[in-house]
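The values are calculated or read from the model by the stated rules, or taken from the named source; none is laboratory data. As the structure is a computational prediction, the values presented were derived from the model and not from experiment. Reconstructed Cβ throughout: ideal geometry from the backbone, glycine too, with neighbour counts over all protein chains shown.
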Amino acid sequence: MKTIFVKDYEQKRDWYIIDAAGKPLGRVAVLAATLLRGKNKPTYTPNQEMGDYVVIINAEKVEVTGNKHEDKLYRHYTGFVRGLRTFTFDKLIERHPTDPLTRTINGMLPNGRLGRRLMGNLKVYAGAEHPHASQNPKVIEL
């Protein structure tokens, strides 16, 4: 078998909308990471940016199961001495509604240049409004 290399101008990129309201955080993140990576296409190549554009709406209404509202911790280091900041899921959703979803998807993508380019194809919005209606996106139901 040979690896298929698709030129940039030969790729067809679609736009997808995922409504995260009431859906589990991990399920939404896995679906978004799969679409961003391009694993749903027959021409998937691990070292190329083959994926589609993903718009996630209602990120502030994403759900977590069990006691993760209080137990799940997100950490951020400021770079200064004693600069480790820790937030629970509820506090982070309150301060930055799109951050838990963005961090989860970022952790599922490759580290390095390719992962940073793929994150540029992700658009996350806290509410139901988004400016990408002109791209005629496909709505995905979980």
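Structural remarks
- Among the residues listed as 47, 136, 67, the single one being over 19 Å from residue 17 (Cβ atoms) and modelled with pLDDT under 95: 47
- Filtering 120, 107, 79, 83 for residues that are under 16 Å from residue 24 (Cβ atoms) and either touching a Leu at 6+ places or on another chain (Cβ under 9 Å) or at pLDDT 95 or above (or both) leaves a single hit, 107.
- Qualifying positions in region 4-20 - exposed (fewer than 15 other Cβ atoms within 10 Å of the Cβ) and aliphatic (A, V, I, L, M): 4
- Only a single criterion out of (1) surrounded by fewer than 18 Cβ atoms within 10 Å (Cβ to Cβ); (2) in contact (Cβ under 8 Å) with a residue 24 or more places away in the chain is not satisfied by residue 25, namely (1).
- Considering only residues in region 12-50 that are over 16 Å from the mean Cα position of the chain (by Cα) and of a type outside the set (S, T, N, Q), the one that is nearest to residue 66 (Cα to Cα) turns out to be 22.
Every residue, every condition in (1) hydrophobic (A, V, I, L, M, F, W, C); (2) within 15 Å of residue 53 (Cα to Cα); (3) loosely packed, with under 15 Cβ neighbours inside 10 Å, yes or no:
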| residue | (1), (2), (3) |
| --- | --- |
| 87 | yes, no, no |
| 94 | no, no, yes |
| 104 | no, no, no |
| 111 | no, no, yes |
| 114 | yes, yes, no |
| 124 | yes, yes, no |
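- All told, residue 59 meets the bar of being in contact with a Ser or Thr (Cβ under 7 Å, 6 or more places away or on another chain) and either at pLDDT 95 or above or under 15 Å from residue 103 (Cα atoms) (or both).
- Residue in region 85-100 that is touching a helix residue (DSSP H, G or I) at 6+ places or on another chain (Cβ under 7 Å), among the charged types (D, E, K, R) and under 20 Å from residue 122 (Cβ atoms) present: yes
- Residues of region 70-88 satisfying the condition of being out of contact with any strand residue (DSSP E or B) (no Cβ under 7 Å at 6 or more places or on another chain) and closer than 25 Å to residue 60 by Cβ: 71
- Single residue of region 28-83 satisfying the filter (of a type in the set (Phe, Trp, Tyr), surrounded by 13 or more Cβ atoms within 10 Å (Cβ to Cβ) and without any contact (Cβ under 8 Å) to a residue 40 or more places away in the chain) that is nearest to residue 112 (Cα to Cα): 44
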